[in-house]
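> Just dropping this structure here.
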Amino acid sequence: MKVTDINGYALLHNGIKMPYIGLGVYKTKDGKEVQDAVTYALDAGYRHIDTAAAYFNETGVGQAIRRSNTPREDIFLTSKIWNSDQGYDSTIRAFNHSLQRLGTSYLDLYLQHWPVKGKYKETWKAMETLYNEGRIKAIGVCNFLQFQLEDLMETATIVPMVNQVEFHPFLVQQSLLDFCNRHDIQFESWFPLMHGFAFQVPAFREMALRYNVTVAQLLLRWNLQKGVVIIPKSIRRDRIISNSHLFHFNILPTDMQKLDDMDEGLRMGPNPADFNF
Ligand SMILES: NC(=O)c1ccc[n+]([C@@H]2O[C@H](COP(=O)([O-])OP(=O)(O)OC[C@H]3O[C@@H](n4cnc5c(N)ncnc54)[C@H](OP(=O)(O)O)[C@@H]3O)[C@@H](O)[C@H]2O)c1
C-alpha cells in the first residue's frame, strides 16, 4: 500500500481500489448525528464510509450520501451482515435489506461481522453469489483469526479481499497481519484509537508531541505505514478533519518499532475465538 495523500488507496486482490482512510460510524446515532458525520467526512475529502446493519444507522448514512455533492460511484461504501442473519438465504435477505436502508443498488464491500461457528461457510457462499452477480464489488470478513481464515478458505471459491479486526499498538497481531499479507487479504483496523483509550496513554502523548501531531494522527499514521486501512470514528467535524491530516509527517522506523513493541495482546473488544453473540 503506497501512502500518498487523502486520496490514496489499497488495491484489493480483485483490482478494486479501497480508499485507505474511511469514516467509521459505530455508535453514531441514526438521523442527524450520522448524517452530519458523513457530511463532514465527505466535505473533508473522505471517500469511504464503514457502517453495518448492527449499527442501526444505514438509513442516515444513505441519506447523507444521496444529499451530498459526491457521486455515489466515487464513494466506497461498506456494510456488514449481523450474526443472527448468517446462513445462505438469510444472508441474501439481510443484504437486500441493507441496500434498501442505504438507498443504493450495490455495495463496494460487504463483510461478515463475526465468524459465527457452523454458519460462516454458508454465509460466505451467499456472499460469493452476490459478488458473482455484480451486486458487491468486494467481499470480506471481520474478526477472523488465522485458523478461521484457513477453515473458510478450504471451501471458498473466492479468497476474502479484506479482514477487518481490532488493531492498535496494544494488540498488534503481527502473525495474523503477515498471514493476511501472504494471502493478499487487505488488513483493516477497528478501534484504531482504542475506542478513545489511546488518549490516556502517556507514551503515545510523548511520541505525538515529538512529531508535533495529535495522538490520533500518530496512531492512524502508524496503521498506514503498516499497510493497514483505517476507519476512525468521530462525530465531531474538527476531529474528522484532523484525523485525515496524516501526510505531513513520517514515523521513523525506530518509533514504528517502539509502537510495535507495546503489544500486550490486549483486547478492548471481544475475542473472535470465544464470543457468544
Ligand atoms: N468489525 C467490527 O467488529 C468492528 C468493531 C468495532 C468497530 N468497528 C468499526 O471501526 C470503527 C472505529 O472504531 P470505534 O469507533 O469503535 O473506535 P475508534 O475509532 O478507535 O475511537 C473512536 C473514539 O475516539 C474519539 N475520537 C475520534 N477522533 C478523536 C480525536 N482526534 N481526538 C480525540 N478523540 C477522538 C471518538 O469520539 P467522538 O465521536 O466524540 O469524536 C470516539 O469516542 C467503527 O466506527 C466501526 O466502523 C468495527
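The values are calculated or read from the model by the stated rules, or taken from the named source; none is laboratory data. Keep in mind that this is a model prediction, so the values were computed, not measured. Every residue, glycine as well, gets a Cβ built from its backbone with ideal geometry; the counts of neighbours run over all protein chains shown.
> Which residue is farthest from ARG72 (Cα to Cα), if the candidates are limited to the stretch 133-181 and must be within 14 Å of the chain's Cα centre (by Cα) and among the polar types (S, T, N, Q)?
Step by step, filter the stretch 133-181, then rank; the result is ASN143.
> Residues of the stretch 1-48 being in a loop (DSSP other than H, G, I, E, B), under 18 Å from ASN69 (Cβ atoms) and in contact with a Lys or Arg (Cβ under 9 Å, 6 or more places away or on another chain), which ones?
Matches in the stretch 1-48: ILE6, ASN7.
> I've got another one for you. Run ASN57 past the list (1) touching a helix residue (DSSP H, G or I) at 6+ places or on another chain (Cβ under 7 Å); (2) polar (S, T, N, Q); (3) more than 15 Å from the ligand (Cβ to nearest atom) and report the number of the one that doesn't hold.
(3) is the only condition that ASN57 fails.
> Any residue at all in the stretch 54-71 that is at pLDDT 95 or above, outside any helix (DSSP H, G or I) and crowded, with 21+ Cβ neighbours inside 10 Å?
yes
> Answer yes or no: is there a residue in the stretch 178-188 that is closer than 21 Å to ILE251 by Cβ, of a type in the set (D, E, K, R) and within 16 Å of the ligand (Cβ to nearest atom).
The answer is yes; a qualifying residue exists.
> A further question on this structure: Which members of the stretch 219-277 meet the condition of being hydroxyl-bearing (Ser, Thr, Tyr) and either under 18 Å from the mean Cα position of the chain (by Cα) or under 20 Å from GLY8 (Cβ atoms) (or both)? Show your work before the answer.
Let us first name the residues in the stretch 219-277 that are hydroxyl-bearing (Ser, Thr, Tyr), namely 234, 242, 244, 254.
Passing the criteria: SER234, SER242, SER244.
> List pairs: first residue in the stretch 211-236 and more than 11 Å from ILE21 (Cβ to Cβ) and touching a residue at least 24 places away in the same chain (Cβ under 8 Å), second residue near the ligand (Cβ under 6 Å from one of its atoms) and among the β-branched types (Val, Ile, Thr) anywhere in the structure, Cβ distance under 7 angstrom, at least six positions apart or on different chains.
Going by the 7 Å Cβ cut-off, the qualifying pairs are LYS233/VAL25.
> Looking at VAL201, VAL172, which one is β-branched (Val, Ile, Thr), more than 22 Å from ASP50 (Cα to Cα) and at pLDDT 95 or above?
It is VAL201.
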